[in-house]
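Novice: Attaching a single structure in structure tokens format; questions to follow.
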Amino acid sequence: INVISVCRLVPQKNIFYILEIAKKIPDVTFSIIGDGPLWSEIKNFILKNKLKNVNLLGKKERIYDYLYNSDIYLSTSLYEGLPISILEAMSIGLPIIASRVTGNCDTIVHGKSGYLYDLMNIENAIGYINKLSRNKKLRIDMGNLAYKRQRELFSKRLMILKYSDLYLKQLIK
């Protein structure tokens, strides 16, 4: 099982939380894609804690290649706006596990297209990872619902229409 996270390596994204989760479930592989000011600290944490199940991959151009080779998407953010990386993962049918914060709650339907865990509740997040890891049918079903939700509410075409509407309303005021 490969759990993937794609994000900037900044405090907001709470990456050390992914590392703490990885320490507790060594039979699951975690891939972190991204770059940022916390790169060295994260790399040192991985080395110091001998985390063999964490791949810190850096910035990548072809994100979808990595998403397609993953089983679960994980977001540990402390806060979000509209989480584009979650929408990208949903667009290929990955089930999502994400912190219960604004933005994530707007994209995920808990228990349908993914799971929302209480922020900083590591056991809750681990429980959802284990549940999805052990049940391929659940991963597929949840991923299909994530895909459908992304297409129905957050497709590129729909987002352009919504933003255009919003801008037009502002111009009319």
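The values are calculated or read from the model by the stated rules, or taken from the named source; none is laboratory data. For clarity, every value in this text was computed on a predicted model and none was experimentally measured. Every residue, glycine among them, receives a Cβ derived from its backbone with ideal geometry; neighbour counts consider all protein chains shown. These area figures cover heavy atoms from the full protein model, side chains too; ligands, DNA and RNA do not enter into them. Shrake-Rupley method; radii C 1.70, N 1.55, O 1.52, S 1.80 Å.
Novice: At 0.36 nm per residue, minus the direct Cα-Cα distance, what do Arg151 and Leu78 gain on full extension? Give it in nm, one decimal, please. Show your work: numbers first, answer last.
Specialist: Details: separation 73, 0.36 × 73 = 26.28 nm, distance 2.58 nm.
My answer for the length gained is 23.7 nm.
Novice: Between Tyr64 and Leu158, what FRET efficiency comes out of the Förster formula 1/(1 + (r/R0)^6) with R0 = 22 Å and r the beta carbon distance, rounded to 0.05? Don't skip to the end; give the middle numbers.
Specialist: Working: r = 20 Å, r/R0 = 0.90.
Calculated value: 0.65.
Novice: Right, here's the next one. Please sort 56-69, 152-165, 105-118 by packing, taking for each peptide the average over its residues of neighbouring beta carbons within 10 angstrom, highest first.
Specialist: Working: 56-69: 12.9, 152-165: 11.4, 105-118: 18.9.
Per-residue Cβ counts within 10 Å, averaged per peptide and sorted highest first, yield 105-118, 56-69, 152-165.
Novice: Report the dimensions of segment 32-133 along its three principal axes from the alpha-carbon atoms, largest first, rounded to Å.
Specialist: Principal extents (largest minus smallest coordinate, Cα): 36, 31, 27 Å.
Novice: Okay, next question. Taking a temperature of 4 °C and a viscosity of 1.567 mPa s, what whole-number D in µm²/s does Stokes-Einstein yield for the chain with Rh from Kirkwood over alpha carbon pairs?
Specialist: Numbers: Rh = 16.5 Å.
For these conditions, the coefficient is 79 µm²/s.
Novice: Here's a follow-up. Could you please state how large a percent of the accessible area of the chain is carbon and sulfur, counting protein chains only and using a 1.4 Å probe? Intermediate results must be reported in sequence, preceding the final value.
Specialist: Details: 5150 of 9410 Å².
Answer for the chain: carbon and sulfur cover 55 percent of the accessible area.
Novice: Which whole-number value in Å² is the accessible area per residue of segment 1-82, probe 1.4 Å? Please report the intermediate quantities before stating the final value.
Specialist: Values: 4220 Å² over 82 residues.
Per residue, segment 1-82 has 51 Å² of solvent-accessible surface.
Novice: In deg cm²/dmol, rounded to 500, what helix-only [θ] at 222 nm does the chain give when every DSSP H run of at least 4 residues adds -39500 (n - 2.57) and the total is split over its residues? Spell out each step's value before the answer.
Specialist: Numbers: 8 runs with 85 residues, N = 173.
Value at 222 nm, helices only, nearest 500: -14500 deg cm²/dmol.
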